[in-house]
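Encoded as structure tokens, the structure appears first; notes follow it.
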Amino acid sequence: MNMASLAGQLLQYIVTGVTIGSIYAMVAIGFNIIYNVTEIINLAQGEFVMLGGLVMVSLHMLWKLPLIAAFPVTVVIVTGIGLLMNYAAIRPIRRPTVLTLIIATIAASMIIKGAAMLIWGTDSFDLTAFSGRTPILIAGAAIQPQYFWVIGFLVVIVAGLTFFFDKTIIGKAMSACSENAAAAQLVGIDVRWMVLLSFALSAAIGAIAGITMTPIALMDYDRGAMLAIKGFGAAVLGGLGSFPGAIVGGLMMGLIESLGAGFLWSGYKDAYALAALLIVLFIRPSGIMGNRDVIRFKRF
Amino acid sequence: MLEIRNLTAAYAAIPAIRDISLTVPEGGIVSIIGANGAGKSTLLKAISGLIQKKSGSIRFAGQDIICERANRIVARGISHVAEGRQIFAHMKVEDNIHLGAYLYHRRRHRQELQEHIRQVYEMFPVLGRRSRQIAGTLSGGEQQMLAIARALMARPKLLLLDEPSMGLAPLVVHDIFAIIQRLNQMGTTILLVEQNARAALRIAAYAYVLETGQMVLEGPAATLLTDSRVKAAYLGG
Ligand SMILES: Nc1ncnc2c1ncn2[C@@H]1O[C@H](COP(=O)(O)OP(=O)(O)OP(=O)(O)O)[C@@H](O)[C@H]1O
Ligand SMILES: [Mg+2]
């Protein structure tokens, strides 16, 4: 193998890794939003991604809605399901503890997955790529245009959330809830409403991840769990609750997976990233960007 | 303005306060004194809605608020400066101040809000100077001022203060009490919980003594200051 083609291959794996990593980062951001407000790890986060992909497939491929219309409609539908989950699975719990709530999210994820299997069956579905499938050739690497859409949407989500949390009073109120729920109530913030909003935001971001990844990786009813594991891994790797951490963690997981599968054995691709996660946690239990004071597994 | 009758409140199964009755007249300062663990903070939390498990009645401006949630009670005009300066430590001072006025954050209130922020900074000049500092890095006294300033942003009719002097140097304590008196003169009714019983009784008109969850004594503050039991237990003989 000559040098040029090796460099091309390396670039190929890196771009692929960043793309997969962007998906993981979106899932990790979803985890963090709910975690920060409620301390719940929402294990149904992966199902939002799965639903995003499958609802989009139905709207676009079956009902022939153009992409640009199907996209927002899908996000709205999945957000609705996120809200429904909050009302049906989280609020009715009479004595909420973090552990019972997490178990409730597992139950919700099973119900969503079961319902998806009934609706879409066990087939994998493809979705039209947003800008076609003609690869762009850069320095010996052939890159799908859809990759740029995925990375672009991560950038848009991060910019949007940064604005939301830094500049709007609702965003600040949400941060206030995560910092001190009692004090937040005492300035008049309705914490239950903020929890609802956190589920809505996470579901919406999950939907975007699902929609943008489907043209690359297809989608089926059974994908949620693995996406949740990788996304959770990314969130923990970066430091649970940290948004920069979610991005760094997600991209690292994606890169390790892609480079590992490319240069080592592709059969173990799911193992590399999780092994890296374990190693980081041995060295730095709070994650890469995590603040030791802020890791709050206190109620377990 | 605030009328509490037979209030009992609990954290788990055991009530932390039992059968409390208390009245705060409009425009007054009422103090509650009591030893550690007597239930003073619990009483304030029950009033502001942080504790849900309770029975009895809490009437504010003529309406029973015992079943309301904390965020609704703030909207009614009761602000609670909780024990231990519950500021948003990772945020800037100005963000804390803005969040204090969370209920007023609508576009048409913008002008009014700016004016109100200016007034609060005028009352606490040090906060104005440090508005861009991270709140957790303020000194203890500054943090207490921020906690009070943030509560004022909600324009309370009744201010619940839980040990505002805790852990502060005598000079700063003096400042804080001066501010409390000034707020009262400007029309805010005050319910004050204090370990510093002497100072609390000096600025109050009326006071209550709480022991192991129950009211054991009440009366005009000046009378309590000379009461032998109060002297022995809370004023150091
Ligand atoms: N979150 C809680 N859960 C269970 N019990 C609590 C809780 N907070 C307080 N208590 C108990 O309720 C009782 C009253 O506590 P409270 O904080 O009201 O006392 P306090 O009069 O404010 O004391 P201090 O002067 O030390 O602040 C105490 O016995 C305390 O242990
Ligand atoms: Mg107390």
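Among the chymotrypsin sites (Phe, Trp or Tyr not before Pro) found in the stretch A:196-290, those both in a DSSP coil and sparsely packed, with 12 or fewer other Cβ atoms within 10 Å of their Cβ, are A:W265.
The label point for A:S124 and the one for B:M166, both projected 7 Å from the Cα toward the Cβ, are 5.8 nm apart. For the stretch B:84-141, which whole-number percentage of the solvent-accessible area (1.4 Å probe, protein heavy atoms only) is attributable to carbon and sulfur atoms? It is 46 percent, rounded to a whole number. Comparing A:I103, A:I29, A:I20 in a Gaussian network model of chain A, where Cα atoms under 10 Å apart are tied by springs, the biggest mean-square fluctuation is seen for A:I103. Against chain A, whose longest principal axis comes from its Cα atoms, helix A:269-283 is set at around 50 degrees.
Among residues other than B:E194 with Cβ under 12 Å from its Cβ, the summed charge is 0 (Lys and Arg +1, Asp and Glu -1).
Largest first and in whole Å, the equivalent-ellipsoid semi-axes of the stretch A:42-188 read 33, 23, 14, each the square root of five times a Cα gyration tensor eigenvalue.
Placing pseudo-labels 7 Å out from each Cα toward the beta carbon at A:I106 and A:T162 gives an inter-label distance of 3.8 nm. Against chain A, whose longest principal axis is taken from its Cα atoms, helix A:169-179 shows a tilt of about 80°. Pairing chain B with chain A buries about 1900 Å² of accessible area. This figure sums both sides and uses a 1.4 Å probe. Computed over the alpha carbons of the protein assembly as shown, Rg followed by Dmax gives 28.0, 97 Å. In chain A, the convex hull through the Cα atoms has an average projected area of 16.5 nm², a quarter of its surface area. Dipole check for the stretch B:84-141: with +1 at the C-beta of Lys and Arg, -1 at the C-beta of Asp and Glu, and the Cα centre as origin, the magnitude is about 160 Debye. In the protein assembly as shown, a dipole from Cβ-located charges (positive for Lys and Arg, negative for Asp and Glu) runs towards its positive end, and of A:V156, A:I216, A:A139 it is A:V156 whose Cα lies farthest in that direction. In a reduced charge model with +1 at each Lys and Arg Cβ and -1 at each Asp and Glu Cβ, the stretch B:57-168 shows a dipole moment near 500 debye about its Cα centre. Computed over the alpha-carbon pairs of the stretch A:1-110, the distance histogram in 10 Å steps reads 13, 32, 26, 17, 9, 2, 0 percent, short to long. Here is how the number arises for chain A: DSSP H runs of 4 or more residues each give -39500 (n - 2.57), the sum is divided by the residue count, and the result at 222 nm is -24000 deg cm²/dmol. On a per residue basis, the stretch B:84-141 carries 55 Å² of accessible surface, using protein heavy atoms and a 1.4 Å probe.
Measuring between alpha carbons in the structure, the pairs from A:K172/B:K157; A:K172/B:K92; A:K230/A:K269 lying more than 18 angstrom apart are A:K172/B:K157.
Rounded to the nearest whole Hz, the Karplus-based 3J(HN,Hα) values (6.51 cos²θ - 1.76 cosθ + 1.60, θ = phi - 60°) of the stretch A:70-87 follow the sequence 5, 4, x, 4, 4, 4, 5, 4, 5, 4, x, 5, x, 5, 4, 4, 4, 5, with x at glycine and proline. Along the axis of the charge dipole computed for the protein assembly as shown (Cβ charges of +1 for Lys and Arg, -1 for Asp and Glu, origin at the Cα centre), the listed residues A:S258, A:G30, B:A9 are led at the positive end by B:A9. For chain B, the longest principal axis of the alpha carbon atoms and the long axis of helix B:110-123 meet at an angle near 60°. Can you give the Rg to Rh ratio of the stretch A:194-277, both from alpha-carbon atoms, with Rh computed by the Kirkwood formula? Radius of gyration relative to Kirkwood radius: 1.00.
The values are calculated or read from the model by the stated rules, or taken from the named source; none is laboratory data. In this text the structure is predicted, and so the values were computed from the model without any measurement. Every residue, glycine as well, gets a Cβ built from its backbone with ideal geometry; the counts of neighbours run over all protein chains shown. Heads up: the accessible areas ignore ligands, DNA and RNA and are worked out on the full protein's heavy atoms, side chains in. Shrake-Rupley method; radii C 1.70, N 1.55, O 1.52, S 1.80 Å.
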